[in-house]
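Take a look at the structure below.
The values are calculated or read from the model by the stated rules, or taken from the named source; none is laboratory data. This is a predicted model, so every value here is computed, not measured. Neighbour counts are summed over all protein chains in view; Cβ atoms, including those assigned to glycine, are modelled from backbone coordinates with ideal geometry.
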């Protein structure tokens, strides 16, 4: 097939650790299988070759943290037929969104010898706060299987088959006993979207909510259970301020218990 007829795939990076882009690179066999079906037009992590837009599908990793980021994401949106955000940074601001709850100027004054040269925003925000997003793929990092499903769905004009239920369902499917019930271990699984395969509970640890809040989570009920298990208000704030601290429901729940 002529390159001009192939769908153009672009992968963009903003403030992030590159882990979600590496998930795409780890799809070695699968990428080889579709290499003659799509054209990787822009992907600095994998190649220096650049093909000009517009692009049929753009995958965006990372959060918006600088004035330049705000301008660049607008241009990317204009050049993209479909735009999908991948990972916790792009979908909820990432771990760097912890800055949103403090004074970022204080941070820069402590970290940098010449903070006056630092141009940054006071907040780290998800891509959807700035442009229209066609689909959000959660995870820190994202699931390889879910990534392939989403790319396939948009290239073939169908709805992605991504679960919106909680990690608890994955625990039941693996036959993993509930760590909250059996071990008294605090776990965010009941309010977290599935996708990781319930890795932490399988190894007798509570879920850290790498995939963020599930559809219609009930954090207040879970928080009450945590309090019964000995959690303080400070513990609750820290529990909800991890990889997805800026997600709407987790942010509100953490602020409710903040002294």
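Quick one: which residue in 160, 213 is more than 15 Å from the chain's Cα centre (by Cα) and not assigned by TED's automatic domain parsing to the domain that holds residue 87?
Of 160, 213, the one residue that is more than 15 Å from the chain's Cα centre (by Cα) and not assigned by TED's automatic domain parsing to the domain that holds residue 87 is 160.
Of the residues that sit in the range 40-71 and are out of contact with any strand residue (DSSP E or B) (no Cβ under 8 Å at 6 or more places or on another chain) and assigned to a helix (DSSP H, G or I), which one is surrounded by the most Cβ atoms within 10 Å (Cβ to Cβ)?
68
Residues in the range 219-259 that are surrounded by 14 or more Cβ atoms within 10 Å (Cβ to Cβ) and outside any helix (DSSP H, G or I): how many?
Looking only at that region, the number is 9.
So in the range 164-190, with the set limited to residues that are within 17 Å of residue 223 (Cα to Cα) and without any contact (Cβ under 8 Å) to a residue 40 or more places away in the chain, which one is nearest to the chain's Cα centre (by Cα)?
189
Among the numbered criteria (1) crowded, with 22+ Cβ neighbours inside 10 Å; (2) under 30 Å from residue 259 (Cα atoms), which single criterion is violated by residue 171?
Condition not satisfied by residue 171: (2).
Considering only residues that are part of a helix (DSSP H, G or I) and in contact with a strand residue (DSSP E or B) (Cβ under 9 Å, 6 or more places away or on another chain), which ones fall in the range 184-218?
Once the filter is applied, which keeps residues that are part of a helix (DSSP H, G or I) and in contact with a strand residue (DSSP E or B) (Cβ under 9 Å, 6 or more places away or on another chain), the range 184-218 yields 189, 190, 191.
Would the range 30-37 turn up any residue that is in a loop (DSSP other than H, G, I, E, B) and closer than 12 Å to residue 86 by Cα?
no
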